[in-house]
Amino acid sequence: MAGFPQNPNYTGLNAPQGDEYDIADLPVSGTIPPDVEGTFFRAVPNPAFPPFLDDSGAILSADGMISAIRLGGGKASIAMRYVATARHRAEVEAGRALFGKYRNPFTDQPEAQGVDRTVANTTPVWHAGRLLMCKEDGRPYRIDPVTLETLGQYDFDGALRSETMTAHVRIDPETGEMFFFGYEAGGLASTTVAYGVVDAAGKLVREQWFEAPYCAMMHDFTITENYALFPVYPTTCDLERLRAGGDHWVHHQELDSWLGIMPRHGDVSQLRWFRGPKGVSCYHMLNAHEDAAGLIHFDQCLSDSNAFPFIREASGIALQQWELNGRLARWTVDPNGTADTIVETVIGPPGDFPLIPAAQQGRPSGHGWMLTMNPERRGPPLLGGPVGAMFDLLMRLDLTGGPPQALALEPGMCFNEPVHVPARVPGHDGWLVTVVDRQTGPDSFEHECWVIDGGNIGAGPVARIGIPRRLRPQVHGWWVSAAQLAQAQP
Ligand code: V55
Ligand code: FE
């Protein structure tokens, strides 16, 4: 992987690792619990070709790779493949990069004209027996869960109208329906948002469009049993700026944030906007639920500005990463009242990658997990990943008021986002499966996959799986059990 610029997007932990491989019989120490039988799919961005222009946002537009860590019967294997997007195929054909700045088609080479730009690098989603690799700027790609071969771009058998679909869908644990949205649904920098409902069999049964207060980076959303919640934070896009070769996103500290709420099976005309604090930003939500009084509680990893240094830089916001304040914030609103107000309560520490058991989606979750920075660490965190520094503390939060649990890594180590694997025994918290990185030298790193008891995280891993390759940081993952894999659609 020669020829890449020597900047933090391409060096150290972020050095490109574009090899495709299958490795069986990985070394396992400890015992993989019998509950943990299935595949941990991971989305791993890896730029295949050096960029032809300087772009700090390139960290988000690296080609998507799908990684499968298969666990079961005490054994483990790993596979890595590029998602064969139209963009990746065009660049392989040309033997060089053709696409310019992150989400700015006006900076592309002539050969890129008319070729879909998405890199499918953010989340592997499993629903109705299909595996989709998703990125919020385009439509998903369908992947064969066994061979990891790309089966083509996926539009729900021609039913999808939106040009985009989020990487953060929500699946109702009782109905099996998948809820999603897509922003810039009607084209680059548009304020149109698509809202879709897919039934348990995978059919797109309803797609409606609505107008956002402004064109915003809408990364995630949530559902409750009865509502769909669309948060909007003031990181905005402008078509004229794009035409001039500028950045897709600029963050505005002085603009209001918003939370749009509508009945999840209702009409978009019922959407009501609640006004949030100015200038805040959030990438990932833990969950949302309704209480007995009918209030809606919406729990999110909120920060005072955009978490990406390259976006703050483009916005003229002089705030270092260690100066960025955040919190796990609960926004409470009354969908039956007349006020557009939001009440904020702090319910947890700053951090990201919040996680609940899939069975608790949209319901009071009791507990959840998230990643944060160890406040007691001496020295710098492990550098790398999209925001430049990696998390080194895993927390289990008791949302009913009980004490938190924590698992701190040694200096020079970090967590990638864990997935949750439910236990078969009732009352057991289940397991977390995650990739852990360790820096072993100025430019050397080692990687393991850990299985952790979700109810006793402080005890450390019950199993550690050695990965004999260099891994670039993962974005999101998805656990697909062996029973779900047996239901894969042809
Ligand atoms: C994020 C990641 C993305 C993206 C937008 O984690 C936001 C946030 C890996 O791609 O395109
Ligand atoms: Fe995300």
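Without any contact (Cβ under 8 Å) to a residue 60 or more places away in the chain and under 25 Å from PRO386 (Cβ atoms): is that true of ASP304 in this structure? Considered against the rule, which asks whether it is without any contact (Cβ under 8 Å) to a residue 60 or more places away in the chain and under 25 Å from PRO386 (Cβ atoms), ASP304 comes out as yes.
When GLN439 is tested against (1) touching a Lys or Arg at 6+ places or on another chain (Cβ under 7 Å); (2) open to solvent by 60 Å² or more (accessible area, probe 1.4 Å); (3) part of a strand (DSSP E or B), exactly one condition is not met: (1).
Residues in the range 359-384 that are open to solvent by less than 60 Å² (accessible area, probe 1.4 Å), under 30 Å from PHE180 (Cβ atoms) and either part of a loop (DSSP other than H, G, I, E, B) or touching a His at 6+ places or on another chain (Cβ under 8 Å) (or both): GLN361, GLY362, ARG363, SER365, GLY366, TRP369, GLY384.
Can you spot a residue in the range 160-179 that is at pLDDT 95 or above, within 21 Å of ARG42 (Cβ to Cβ), open to solvent by 10 Å² or more (accessible area, probe 1.4 Å) and among the charged types (D, E, K, R)? Walk me through how you get there before you give the answer.
Kept after step one, since they are at pLDDT 95 or above, are these residues of the range 160-179: 160-179.
Now restrict to residues that are within 21 Å of ARG42 (Cβ to Cβ): 165-171, 178.
If we keep only those that are open to solvent by 10 Å² or more (accessible area, probe 1.4 Å) too, we end up with 168-171.
Pick out the ones that are also among the charged types (D, E, K, R) and you get 170.
Within the range 160-179, one or more residues are at pLDDT 95 or above, within 21 Å of ARG42 (Cβ to Cβ), open to solvent by 10 Å² or more (accessible area, probe 1.4 Å) and among the charged types (D, E, K, R).
If I filter the range 429-436 for residues that are among the polar types (S, T, N, Q), within 16 Å of ligand 2 (Cβ to nearest atom) and in a strand (DSSP E or B), do I get at least one hit? Yes: one or more hits.
For ASN287, are the conditions met, namely being among the polar types (S, T, N, Q), in a loop (DSSP other than H, G, I, E, B) and either open to solvent by less than 10 Å² (accessible area, probe 1.4 Å) or modelled with pLDDT under 95 (or both)?
Values: among the polar types (S, T, N, Q): yes; in a loop (DSSP other than H, G, I, E, B): no; either open to solvent by less than 10 Å² (accessible area, probe 1.4 Å) or modelled with pLDDT under 95 (or both): yes.
It is false that ASN287 is among the polar types (S, T, N, Q), in a loop (DSSP other than H, G, I, E, B) and either open to solvent by less than 10 Å² (accessible area, probe 1.4 Å) or modelled with pLDDT under 95 (or both).
Taken over the range 234-260, the criterion of being open to solvent by less than 10 Å² (accessible area, probe 1.4 Å), of a type in the set (A, V, I, L, M, F, W, C) and touching a strand residue (DSSP E or B) at 6+ places or on another chain (Cβ under 8 Å) is satisfied by TRP249, LEU259.
Residues checked against (1) modelled with pLDDT of 95 or more; (2) over 23 Å from LEU324 (Cβ atoms):
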site	(1), (2)
GLY379	no, no
GLY384	yes, no
MET390	yes, no
PRO403	yes, yes
LEU409	yes, no
HIS420	yes, yes
ASP429	yes, yes
ASP437	yes, no
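Considering the range 62-114, and only residues there that are hydroxyl-bearing (Ser, Thr, Tyr) and either more than 24 Å from LEU151 (Cα to Cα) or open to solvent by less than 20 Å² (accessible area, probe 1.4 Å) (or both), the residue that is farthest from ligand 2 (Cβ to nearest atom) turns out to be THR107. Considering every residue within the range 322-345, establish whether at least one is in contact with a Lys or Arg (Cβ under 8 Å, 6 or more places away or on another chain), away from ligand 2 (no atom under 16 Å from the Cβ), open to solvent by 60 Å² or more (accessible area, probe 1.4 Å) and β-branched (Val, Ile, Thr). Within the range 322-345 (the criterion being in contact with a Lys or Arg (Cβ under 8 Å, 6 or more places away or on another chain), away from ligand 2 (no atom under 16 Å from the Cβ), open to solvent by 60 Å² or more (accessible area, probe 1.4 Å) and β-branched (Val, Ile, Thr)), the answer is yes, since at least one residue qualifies.
The values are calculated or read from the model by the stated rules, or taken from the named source; none is laboratory data. Worth saying up front: this structure is predicted, and the values here are computed from it rather than measured. Glycine also receives a Cβ, built like all others from the backbone with ideal geometry; neighbour counts cover every protein chain displayed. We work out accessible area using only protein heavy atoms, side chains counted, and drop any ligands, DNA or RNA first. Shrake-Rupley method; radii C 1.70, N 1.55, O 1.52, S 1.80 Å.
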